[in-house]
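Contents: one structure, followed by commentary.
Read-outs throughout are calculated quantities, based only on the coordinates presented, and are distinct from any laboratory measurement. Bear in mind that the values here come from a model prediction, so they are computed numbers and not experimental data. Backbone-built Cβ (ideal geometry, glycine too); neighbour counts: all protein chains shown.
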Amino acid sequence: MEYPRWAPLYEQIRQEFGFSWDREEAAAARLRELLPPAALERPLERLAHRLEGKEVVVVGLAPRAGPPPLWRRPFTSAGVAVVAADGAASACLEAGLVPDVIVTDLDGPVASEVTANRRGALVVVHAHGDNRELLDEWVPQLPGELAGTWAGPPGGGLMDAGGFTDGDRSAFLAEAAGAVRILLWGFDLEHAEEGDPAARLRKEAKLRWAGRVLGELARSGRAPVETWNPDGTLSPYKAGGISGASTK
């Protein structure tokens, strides 16, 4: 999604959650300082080198989902690429699957992301107002190919193709990089596993927004967005959840 179209939607998100724009800009500036020079060059082009023309499986971290069973799908001759959203990288590695791309704001099991990065995954690091300390801690430890995103206008080496959480941001980046189809595996946008009631309500509100922005992508993007169900069927994605007739 082009930034001028995405920006008003993110402004609604920012207002609802009270995100400070000054903190967003400060985090982006810090990420630019921390990333090596090569990571700030042609980020979308490098992402497209891995994803363009392929069916892209975006892996989430829904309970008991595990890694995607790639052997079950008859993918196109162009092949398949895997994009892991943050902590889903750990589940992929446990199954011997190194994601092509990892999209992370560094609040999950980052050691697994470091391992995958060392093994060839491109790690896209997102900067936001609440993760500057995590940027300082982890970005220097990532040894492989990197790129960066933030919630403002793309430029200065950082991308913003749209998306709010790591999961939906992964799908937006896949679309921007030229995926021909986006399959969502292990997505649960209805349940938040948080013990604290206030934290759970906030997480659930974020998940609702993730569902909404994925709906926007499904309606306006070039690539079809579908969920890959545990039973092997595919369902067209619609805002607020997965619905529609299943397809093989």
TODO: Considering only residues that are among the basic types (K, R) and under 19 Å from V225 (Cα atoms), look in region 47-73 and name the one that is nearest to the chain's Cα centre (by Cα).
DONE: R50
Open item on the list: Take D130 and tell me if it is surrounded by fewer than 20 Cβ atoms within 10 Å (Cβ to Cβ), of a type outside the set (G, A, S) and closer than 30 Å to D22 by Cβ.
Closed with: yes
Task: Residue count, region 213-226 (criterion: farther than 12 Å from D168 by Cα and touching a Pro at 6+ places or on another chain (Cβ under 9 Å)) - done: 2
- [ ] Considering (1) in contact (Cβ under 8 Å) with a residue 40 or more places away in the chain; (2) within 30 Å of D22 (Cβ to Cβ), say which one V110 fails and leave the rest.
- [x] (1)
Open item on the list: Of everything in region 49-77, what is part of a helix (DSSP H, G or I) and surrounded by fewer than 17 Cβ atoms within 10 Å (Cβ to Cβ)? Give them in sequence order.
Closed with: H49, L70, W71, R72
Open item on the list: Which count do you get for residues in region 78-99 that are touching a helix residue (DSSP H, G or I) at 6+ places or on another chain (Cβ under 7 Å) and surrounded by fewer than 21 Cβ atoms within 10 Å (Cβ to Cβ)?
Closed with: 4
